[in-house]
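Encoded as structure tokens, the structure appears first; notes follow it.
The values are calculated or read from the model by the stated rules, or taken from the named source; none is laboratory data. Everything quoted here is computed from the prediction, not taken from an experiment. Note that we place each Cβ from the backbone using ideal geometry, even for glycine, and neighbour counts take in every protein chain shown.
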Amino acid sequence: MRRYKRIFIGILLVIIGSFLFFKLTFYPPILLYRLSEFNPEAFLSHIKFIRENNFRITSLEELAQAFNRKNTGKSLAIAFEGLNKDVLELVKIAKELNLSLVLFVDKESLKNSSLNLKDILRNCPLEIGILCDKELGELSSFQLQKEVFLPKRFIEEFLGKKIKYIAFKLGKPNREVLRAIKNTGYLCGLNLDRLGGGSIFSLKPIRITPQDSKELLREKISGFYYLFGRDKAR
């Protein structure tokens, strides 16, 4: 009886170990900063730490493709959300360090900004993504199509740049949301709710703040924040 019990425990540990390996190995770290909290000195310190630990900062598109192949290696992507005058410093850093960064913005902030952002964002190395402030899972089919399609079309025409990404809150689970994102032509989506992941159109980013120490940053990019759901990109 004890022998069977040990065998059962052994099999259970193998299953759990395989699950942990999958979660920690194949889920791509996507670091998400708020532009409203932007601290150039802290950000440069984070970049230095990431590179010293042999992580490769890649585009979100490339990381999403690696996620599909279940082979992200030591790659990560970096994104920002929001829009203010600090975008000028962010653009400068991205150019100087040759960084692939994504800036998620909502249509109204871009449209109503007092800054001359059209030329800045059109000609800068930053990729632009859509930031949706509504819970897409709560919307009707018509409203959902409106929220994922119209901002994309507006910003593509406004900036003359192809929009590949969307960041959103899901609210209640709704597979129609992921289908709408895919069918609208997005390459991937970031789910800003606590629960996420499992799909290229519902990747869960890790919230990074200027106050994060090197130890905390190491923990966040290790995968444990995915595994235990401790991080909330709100």
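Assorted remarks:
- Evaluation of ARG179 against the conditions (1) basic (Lys, Arg); (2) in a helix (DSSP H, G or I); (3) touching a Leu at 6+ places or on another chain (Cβ under 8 Å) shows that the sole unmet condition is (3).
- Flag: LEU115 matches the condition of being in a loop (DSSP other than H, G, I, E, B), of a type outside the set (Gly, Ala, Ser) and out of contact with any Phe, Trp or Tyr (no Cβ under 7 Å at 6 or more places or on another chain).
- Residues of region 72-83 satisfying the condition of being in contact with a Leu (Cβ under 6 Å, 6 or more places away or on another chain) and closer than 16 Å to ASN39 by Cα: ILE78, ALA79, PHE80, GLU81, GLY82
- Enumeration of residues in region 112-134 that are farther than 16 Å from GLU81 by Cβ and either surrounded by fewer than 13 Cβ atoms within 10 Å (Cβ to Cβ) or touching a strand residue (DSSP E or B) at 6+ places or on another chain (Cβ under 6 Å) (or both): ASN112, SER114, ASN116, ASP119, ARG122, ASN123, PRO125
- Looking across region 6-57, just one residue is at pLDDT 90 or above, closer than 22 Å to SER202 by Cβ and aromatic (Phe, Trp, Tyr), and that is TYR33.
- Flag for ALA77 being in a strand (DSSP E or B), touching a Pro at 6+ places or on another chain (Cβ under 8 Å), crowded, with 19+ Cβ neighbours inside 10 Å and at negative phi: yes
- Residue list for region 138-165, restricted to those being over 17 Å from LEU187 (Cα atoms), touching a Leu at 6+ places or on another chain (Cβ under 9 Å) and either buried (at least 19 other Cβ atoms within 10 Å of the Cβ) or of a type in the set (Val, Ile, Thr) (or both): LEU144, LEU159
- Taken over region 153-182, residues that are in contact with a helix residue (DSSP H, G or I) (Cβ under 9 Å, 6 or more places away or on another chain) and not β-branched (Val, Ile, Thr) amount to 17.
- Of all residues making up region 80-89, the number that are buried (at least 22 other Cβ atoms within 10 Å of the Cβ) and closer than 19 Å to ASN123 by Cβ: 3
- Verdict on ARG56 being surrounded by fewer than 20 Cβ atoms within 10 Å (Cβ to Cβ) and touching a strand residue (DSSP E or B) at 6+ places or on another chain (Cβ under 6 Å): yes
- Region 129-143 residues that are within 14 Å of SER202 (Cβ to Cβ) and at pLDDT 90 or above, paired with ones that are of a type in the set (Phe, Trp, Tyr) and in a strand (DSSP E or B) (beta carbon under 6 Å, 6 or more apart): CYS132/PHE168; LEU136/PHE168
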